[in-house]
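Peer 1: Mind having a look at this structure? Questions to follow.
The values are calculated or read from the model by the stated rules, or taken from the named source; none is laboratory data. Note that the coordinates shown come from a computational prediction; the quantities given were computed from them, not determined experimentally. All Cβ positions, even for glycine, are placed from backbone atoms using ideal geometry, and neighbour counts span all protein chains on display.
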Amino acid sequence: MQLRTRIALTFSILLTVALGTALAVVSLATQDIKERTVAHEVGNFGTAFQALLEANRRELTEAAHSVTDDFAVKQQIAVRDSATLASTLDNSVCRIARANLSTGAAPYPPCEAALAQSRIDGVLSVLTTLNGTVMASYGSALEPGQPFPHLAEILASKQPQSAFIVENGRLYQIVIVDVRSPLRVAWLIMGFELGAKTIAELRKNSLLDVTLRTVMPDGRTQVRSTLPDGAGRTQRPAVYPIALSGSATMELSPTGMLLEEATKPFDELRNQLAWLAVLSLLATAAAGFWLARNITKPLENLTRAVAHIRAGRYDTEVTVERHDELGTLAEGLQLMQAEVHDRDQRIRRLAYQDAVTGLMNRTAFVECVTAALADRRGPVAVVLFNLQRFRRINEHLGYEVGDAVLRQVAERLTGAPGREDGGVVAVARLGADEFAAMTALGSAADAERWGMRLLGRLSDPVVVDAQPIDISATAGAAVAPTDSEDAEQLLVCADLALQSARGEKRSFALYRASLKPATRDQLSLLGELTQAIARDELKLHFQPQIELATGRVAGAEVLMRWQHPQRGLLGPLAFIPFAEQTGFIRRLTQWVLDHAIAQAADWYRRGVSLPIAVNISADDLADMQLDLRVAAALQQHGLPPNLLTLEVTESGFIDNPARALKMLETLATLGVRLSIDDFGTGYSSLSHLARMPVDEVKIDRSFVIGLEADAEFATVVRSAIEMGHNLGLKVVAEGIETETSAQRLRAMHCDIAQGYLYAQPMPGAAIEQWLRDPRRIPLAVAPIPTPAQMPTSTATATLLRSRSSR
Amino acid sequence: MRSSRTPAWTLALLGALACNEARAAHVTVEVKTANGTAAAAAIVVIDAVDASAAPGHDKAVVDQVNKQFDPQINVVRTGSTIVFPNHDQIHHQVYSFSDAKRFELDLHAGSRNASEVFDKPGLVVLGCNIHDRMLAFVAVVDSPYFMKLPATGSGEFDLPPGHYTVSAWHPDLGVVAKQPLTVESQDSRVSLTLRTSADFDPVAAWPE
């Protein structure tokens, strides 16, 4: 039930109960007062009736004495003169009748007429002997000599002087007086009839109806009543009986007028109260409803406001213009809303904002992308940036500078071209040196252009405290809905593209579907790689390198293959970038060094002196134990160091160039040949290169592939070759697939070539076979000293000794 | 007491002798009320069983003093004359509606010495017409042996031996109906106790 209804109902019920009680009380009081009034009237009646009886008694007694004191009467009694006595009684009755004449009657009417005109219903007068024999009578059928039947009854009654008897069918109030001459000789009984006149007289002076019930000697009941005949007679419930004698009863019934008079004011009061009840009930219901509404309406408003706040909308105006509790509540709610809003924003900031740059954090960015995807307005591109040297900045220049760099990067990204340019919509910092940007694109094809442009904004050095700091970023981009329609997935795609770019030594890469399987498998890849070593699933392939000038075999690059139990033979791109990311690359490199050196040593012992080139990753170069591991492998398998070339990428010098250089120098003292891989893609300065103890550079395949079509590439390649030669290095070109490329490279005086044109990478047994082919130009390998004669092997042993003694 | 010592036959002999000599004996009649006190003013009448008494011609006086008859209880022999003087300063009337004597003396004042002869036995009730409270009784008896007892409640009669009846009456104290009484030569003593009741009617109870 609604509060409003309940309040109104409660009010109404309370009032109903109160008014009902009041009405009941008034009704009871009315009933009570009615009974009291009637009782009072009955009391009054009784008093009046007693007065009448007393008056009658006196009159009767006086009249009787006037007879009994008459000496003549005594004489008549003495002589039993009944006739005379009867006339004497007649005479006395006449006197009474005349004494009680109604006003307006004739002055001296005859006896019977006088009686008829008097107030008296009738008179009984009987003179008896002491033993009750009638001597004379009036008003009765009793004859002289007959017994008077009531004498004993009268004398036995408590008040013989005022008793009631029923004689000759009439009720009499009688008195009894003795006749003394001088002793008692006779009784005179005198009585007035209680009849119609009497009760009419009584009725006239009261508000009670009078009914006389007289039981006749024959058992019949005679009723005389002032009650009107008819139905009304039975509707008078209250009867107040007055016992007159054993056989006569007088009953009093309140008249309708009496009842009306008695209860009239109270009935009016009750009616007024009833009206008042109805009116006040209506008023209360209305007031209750109004009051309830006054309370519940603001409550409803507040409830609505609370619902809004709960839904996260904090702009609800909580309007309850009141100065009571509800107003306070509303005010409190308004304040609470503001505080919750503030807190919410603060939490939101903490949850969604990067503290250093003020950019969105990952969570916020994902939400933002999700929202953009939900709009489905068009392609959405996400670009991830990775600052390549950020760790070094933090380490060398301190975190304050690092933070300043991050802030400037953030500023540059946020200041990127706007939407109309297909610009940035959202920029976020996802991790330590990782940023992300999102934009809406006209078409998916614009993604690369946009990504490159953003990247371009990061190419200039950042200036912190007037100090220019070089930052270089790698970027990967993914486009929705082409690559994924899910924000998280889109980020993963962009990340894959980023990794791919890093893996390919490029600054930018777009996501492509081929990256996807790896994505799917990455979770299990690490475990599988571990198992791959244990299960001997990894294979070494060798790709021959040809001396361009002579066509002789100059060596072979060792490449890894993974004979995956489910996916078949996998190339290095399928797992090497992942291994580099996870640090697993060191174990892989160790495995390759062991097996490749073992293979080369085996060949060497069998007279095949094939120099091998093993790839060393940047992570390996950072390994302080690398020189030891290489020396130990050489020593273990007995391979002359000059048959081993370690190919190092330029990226290996980026993080800690000095340390890398030192490692290279150590390795060089071992007698191992060193080669710069992917030459031309890196950013290392030429000055570094000049100081490196390397023997050759390896021009990246991307230059070689473009060599045929693009004149610019040819210039770059030529310059690279010339530079290598100028530094006294041999120049190796890889990825040669056509004779044209080979001729051009030859024309550019490139020293060594490697590619499908000459041979695919092949297992050890296969290259052994391949080398035995008589068409193959013999190996151009320097005379091979025996291990015992090799000074380099002495150097290796010395290194091993000195390092193990530390 | 003496007789208790004398043999019965001796007493019978003596009685026979006395009867024969017709010598009067001394009889004491003692009347008590129902509660044992002396019945003063009670009237005792002794009737001879077989002898018819001659009427007497006595004279008696019933005075009227202080609106009272005096005496109020009287007993006279049949044929006696009663004089009704009036010693009050007011008028009195005297009447009787009794069967034994019905008369009226008109209003009179002073000692007019009006008298009436009561020649019929019976109880006569006297009243005064104008003073209802005045009341007197006159017992008219045939027997010569009667007495209104003194305050002692006993009286003595000299009676010849013979058979009698004895009765006692008092208008307020009650009555003793006739009882046989045999008188012999010796003195004797009779005790009577009045009986009364709540509705004692002295007129109706008159024993004679």
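Peer 1: Which one of the conditions (1) without any contact (Cβ under 8 Å) to a residue 12 or more places away in the chain; (2) in contact with a Ser or Thr (Cβ under 9 Å, 6 or more places away or on another chain); (3) part of a loop (DSSP other than H, G, I, E, B) does residue A:308 fail to meet, given that it meets all the rest?
Peer 2: Exception for residue A:308: condition (3).
Peer 1: Give region B:128-142 a look and list any residue that's crowded, with 21+ Cβ neighbours inside 10 Å, farther than 15 Å from residue B:81 by Cα and more than 8 Å from every other protein chain (Cβ to nearest Cβ), or say none.
Peer 2: Result: B:136, single match.
Peer 1: Where residues in region A:73-111 are over 18 Å from residue A:138 (Cβ atoms) and surrounded by 13 or more Cβ atoms within 10 Å (Cβ to Cβ), which of them is nearest to the other protein chains (Cβ to nearest Cβ)? Can you show your working first?
Peer 2: Quick first cut of region A:73-111, residues over 18 Å from residue A:138 (Cβ atoms) only: A:74-75, A:78-79, A:101-108.
Retained after the next criterion (residues that are surrounded by 13 or more Cβ atoms within 10 Å (Cβ to Cβ)): A:74-75, A:78, A:101, A:105.
Details: A:74: 7, A:75: 7, A:78: 3, A:101: 31, A:105: 36 Å.
Filtering region A:73-111 for residues that are over 18 Å from residue A:138 (Cβ atoms) and surrounded by 13 or more Cβ atoms within 10 Å (Cβ to Cβ), the one nearest to the other protein chains (Cβ to nearest Cβ) comes out as A:78.
Peer 1: Condition test on residue B:204, is it within 14 Å of another protein chain (Cβ to nearest Cβ) and either hydrophobic (A, V, I, L, M, F, W, C) or touching a Phe, Trp or Tyr at 6+ places or on another chain (Cβ under 8 Å) (or both)?
Peer 2: Details: within 14 Å of another protein chain (Cβ to nearest Cβ): yes; either hydrophobic (A, V, I, L, M, F, W, C) or touching a Phe, Trp or Tyr at 6+ places or on another chain (Cβ under 8 Å) (or both): yes.
Yes.
Peer 1: Determine whether residue B:107 is under 22 Å from residue A:182 (Cα atoms), within 12 Å of chain A (Cβ to nearest Cβ) and exposed (fewer than 15 other Cβ atoms within 10 Å of the Cβ). First the steps, then the outcome.
Peer 2: Details: under 22 Å from residue A:182 (Cα atoms): yes; within 12 Å of chain A (Cβ to nearest Cβ): yes; exposed (fewer than 15 other Cβ atoms within 10 Å of the Cβ): yes.
Spelling it out, residue B:107 is indeed under 22 Å from residue A:182 (Cα atoms), within 12 Å of chain A (Cβ to nearest Cβ) and exposed (fewer than 15 other Cβ atoms within 10 Å of the Cβ).
Peer 1: Please work out if residue A:585 is hydrophobic (A, V, I, L, M, F, W, C), under 30 Å from residue A:489 (Cα atoms) and either buried (at least 18 other Cβ atoms within 10 Å of the Cβ) or assigned by TED's automatic domain parsing to the domain that holds residue A:762 (or both). Steps first, answer last, please.
Peer 2: On the way: hydrophobic (A, V, I, L, M, F, W, C): yes; under 30 Å from residue A:489 (Cα atoms): yes; either buried (at least 18 other Cβ atoms within 10 Å of the Cβ) or assigned by TED's automatic domain parsing to the domain that holds residue A:762 (or both): yes.
In short, yes.
Peer 1: I'd like to check which strands (runs of 3 or more DSSP E) are fully inside region A:369-484 and have at least 2 residues that are in contact (Cβ under 8 Å) with a residue 12 or more places away in the chain and surrounded by 13 or more Cβ atoms within 10 Å (Cβ to Cβ). Don't jump to the end; show me each part of the working.
Peer 2: Details: elements: A:380-387, A:424-429, A:434-440, A:462-464, A:467-469, A:473-480.
Counting at least 2 such residues, we get A:380-387, A:424-429, A:434-440, A:462-464, A:473-480.
Peer 1: Of the residues A:465, A:486, which is more than 48 Å from the chain's Cα centre (by Cα) and of a type in the set (D, E, K, R)? Break it down stepwise before answering.
Peer 2: Details: A:486 fails: more than 48 Å from the chain's Cα centre (by Cα).
Only one candidate passes the filter, namely A:465.
Peer 1: With the requirement that a residue be among the hydrophobic types (A, V, I, L, M, F, W, C), within 11 Å of chain A (Cβ to nearest Cβ) and over 11 Å from the mean Cα position of the chain (by Cα), what does region B:114-127 give you?
Peer 2: Taking region B:114-127 first, the residues among the hydrophobic types (A, V, I, L, M, F, W, C) are B:114, B:117-118, B:123-126.
Subset that is within 11 Å of chain A (Cβ to nearest Cβ): B:123, B:125-126.
Once the filter is applied, which keeps residues that are among the hydrophobic types (A, V, I, L, M, F, W, C), within 11 Å of chain A (Cβ to nearest Cβ) and over 11 Å from the mean Cα position of the chain (by Cα), region B:114-127 yields B:125, B:126.
Peer 1: Given A:754, A:769, which one is closer than 21 Å to residue A:553 by Cβ and at pLDDT below 90? Can you show your working first?
Peer 2: On the way: A:754 fails: at pLDDT below 90.
Matching residue, one of A:754, A:769: A:769.
Peer 1: Can you tell me which residue in region A:323-346 is modelled with the lowest pLDDT, limited to those that are surrounded by 15 or more Cβ atoms within 10 Å (Cβ to Cβ) and closer than 30 Å to residue A:13 by Cβ?
Peer 2: Looking at residues that are surrounded by 15 or more Cβ atoms within 10 Å (Cβ to Cβ) and closer than 30 Å to residue A:13 by Cβ, I get A:326.
Peer 1: Go through (1) within 14 Å of chain B (Cβ to nearest Cβ); (2) over 20 Å from residue A:78 (Cα atoms); (3) not in a helix (DSSP H, G or I) and name the single condition residue A:161 misses.
Peer 2: (1)
Peer 1: So, of the residues in region B:86-104 that are surrounded by fewer than 18 Cβ atoms within 10 Å (Cβ to Cβ) and in contact with a strand residue (DSSP E or B) (Cβ under 9 Å, 6 or more places away or on another chain), which turns out to be farthest from the other protein chains (Cβ to nearest Cβ)? Break it down into steps so the answer makes sense when it comes.
Peer 2: Applying the first criterion (surrounded by fewer than 18 Cβ atoms within 10 Å (Cβ to Cβ)) to region B:86-104 yields B:87-91, B:99, B:102-104.
Okay, now just the ones that are also in contact with a strand residue (DSSP E or B) (Cβ under 9 Å, 6 or more places away or on another chain), so B:87-88, B:90-91, B:99, B:102-104.
Numbers: B:87: 19, B:88: 17, B:90: 17, B:91: 14, B:99: 9, B:102: 7, B:103: 11, B:104: 9 Å.
Out of the qualifying residues, it is B:87.
Peer 1: Now for a separate question. Among the candidates A:350, A:282, single out the residue that is closer than 25 Å to residue A:6 by Cβ, among the aliphatic types (A, V, I, L, M) and surrounded by fewer than 15 Cβ atoms within 10 Å (Cβ to Cβ). Full working, then the answer.
Peer 2: Details: A:350 fails: closer than 25 Å to residue A:6 by Cβ.
Being closer than 25 Å to residue A:6 by Cβ, among the aliphatic types (A, V, I, L, M) and surrounded by fewer than 15 Cβ atoms within 10 Å (Cβ to Cβ) holds for just one of A:350, A:282, which is A:282.
Peer 1: Can you find a residue in region A:708-719 that is under 27 Å from residue A:658 (Cα atoms), small (Gly, Ala, Ser) and in contact (Cβ under 8 Å) with a residue 40 or more places away in the chain?
Peer 2: Initially, region A:708-719 is screened for residues under 27 Å from residue A:658 (Cα atoms), giving A:719.
If we keep only those that are small (Gly, Ala, Ser) too, we end up with A:719.
Checking the rest, the ones that are also in contact (Cβ under 8 Å) with a residue 40 or more places away in the chain come to none.
No: region A:708-719 contains no residue that is under 27 Å from residue A:658 (Cα atoms), small (Gly, Ala, Ser) and in contact (Cβ under 8 Å) with a residue 40 or more places away in the chain.
Peer 1: Next up: Just one of (1) out of contact with any Asp or Glu (no Cβ under 8 Å at 6 or more places or on another chain); (2) within 27 Å of residue B:153 (Cβ to Cβ) trips up residue B:107, so point out which.
Peer 2: Exception for residue B:107: condition (2).
Peer 1: Now, a different point. Pull up region A:355-368, narrow it to residues that are more than 18 Å from residue A:488 (Cβ to Cβ) and crowded, with 19+ Cβ neighbours inside 10 Å, then point me to the one that is nearest to the chain's Cα centre (by Cα). Walk me through how you get there before you give the answer.
Peer 2: Step one: of region A:355-368, the residues more than 18 Å from residue A:488 (Cβ to Cβ) are A:355-359.
Now narrow it down to the ones that are crowded, with 19+ Cβ neighbours inside 10 Å: A:357, A:359.
Numbers: A:357: 36, A:359: 32 Å.
Top of the filtered list is A:359.
Peer 1: Further question on the same structure: Can you pull out every residue in region A:61-72 that is out of contact with any helix residue (DSSP H, G or I) (no Cβ under 7 Å at 6 or more places or on another chain) and more than 14 Å from chain B (Cβ to nearest Cβ)?
Peer 2: Scanning region A:61-72 gives A:61, A:62, A:64.
Peer 1: If a residue has to be more than 14 Å from chain A (Cβ to nearest Cβ) and among the charged types (D, E, K, R) to count, how many in region B:180-201 make the cut? Write out each step before concluding.
Peer 2: Pass one, region B:180-201, residues more than 14 Å from chain A (Cβ to nearest Cβ): B:180-197.
Remaining after also requiring among the charged types (D, E, K, R): B:184, B:187, B:189, B:195.
Of the residues in region B:180-201, 4 are more than 14 Å from chain A (Cβ to nearest Cβ) and among the charged types (D, E, K, R).
Peer 1: Then there is this: Given the options A:213, A:184, name the one that is out of contact with any Pro (no Cβ under 7 Å at 6 or more places or on another chain) and more than 14 Å from chain B (Cβ to nearest Cβ). So that I can check it myself, show each step before the final result.
Peer 2: On the way: A:184 fails: more than 14 Å from chain B (Cβ to nearest Cβ).
Only one candidate passes the filter, namely A:213.
Peer 1: Of the numbered conditions (1) of a type in the set (Gly, Ala, Ser); (2) within 26 Å of residue B:25 (Cβ to Cβ); (3) outside the structural domain of residue B:45 (by TED's automatic domain parsing), residue B:122 satisfies every one except a single condition; which is it?
Peer 2: The number of the failed condition is (2).
Peer 1: Quick check, is residue A:495 in contact (Cβ under 8 Å) with a residue 60 or more places away in the chain and within 27 Å of residue A:576 (Cβ to Cβ)? Spell out the reasoning first.
Peer 2: Numbers: in contact (Cβ under 8 Å) with a residue 60 or more places away in the chain: yes; within 27 Å of residue A:576 (Cβ to Cβ): yes.
The answer is yes for residue A:495.
Peer 1: Just to check your reading of the model, which residue among A:226, A:211, A:198 is touching a helix residue (DSSP H, G or I) at 6+ places or on another chain (Cβ under 6 Å), at negative phi and assigned by TED's automatic domain parsing to the domain that holds residue A:59? Quick ask: steps written out before the conclusion?
Peer 2: On the way: A:211 fails: touching a helix residue (DSSP H, G or I) at 6+ places or on another chain (Cβ under 6 Å); A:198 fails: touching a helix residue (DSSP H, G or I) at 6+ places or on another chain (Cβ under 6 Å).
Exactly one of A:226, A:211, A:198 is touching a helix residue (DSSP H, G or I) at 6+ places or on another chain (Cβ under 6 Å), at negative phi and assigned by TED's automatic domain parsing to the domain that holds residue A:59, namely A:226.
Peer 1: List the helices (runs of 4 or more DSSP H) that sit entirely inside region A:618-716 and contain at least 1 residues that are acidic (Asp, Glu) and surrounded by fewer than 18 Cβ atoms within 10 Å (Cβ to Cβ). Spell out the reasoning first.
Peer 2: Working: elements: A:618-622, A:626-637, A:657-669, A:686-691, A:701-706.
In region A:618-716, A:657-669 are the helices (runs of 4 or more DSSP H) which contain 1 or more residues that are acidic (Asp, Glu) and surrounded by fewer than 18 Cβ atoms within 10 Å (Cβ to Cβ).
Peer 1: Scan region A:519-543 and report the pairs whose first residue is closer than 26 Å to residue A:645 by Cα and assigned to a loop (DSSP other than H, G, I, E, B) and whose second residue is polar (S, T, N, Q) and modelled with pLDDT of 85 or more, with Cβ atoms within less than 7 Å and a gap of 6+ or a chain change.
Peer 2: Every condition considered, the pairs that remain are A:537/A:563.
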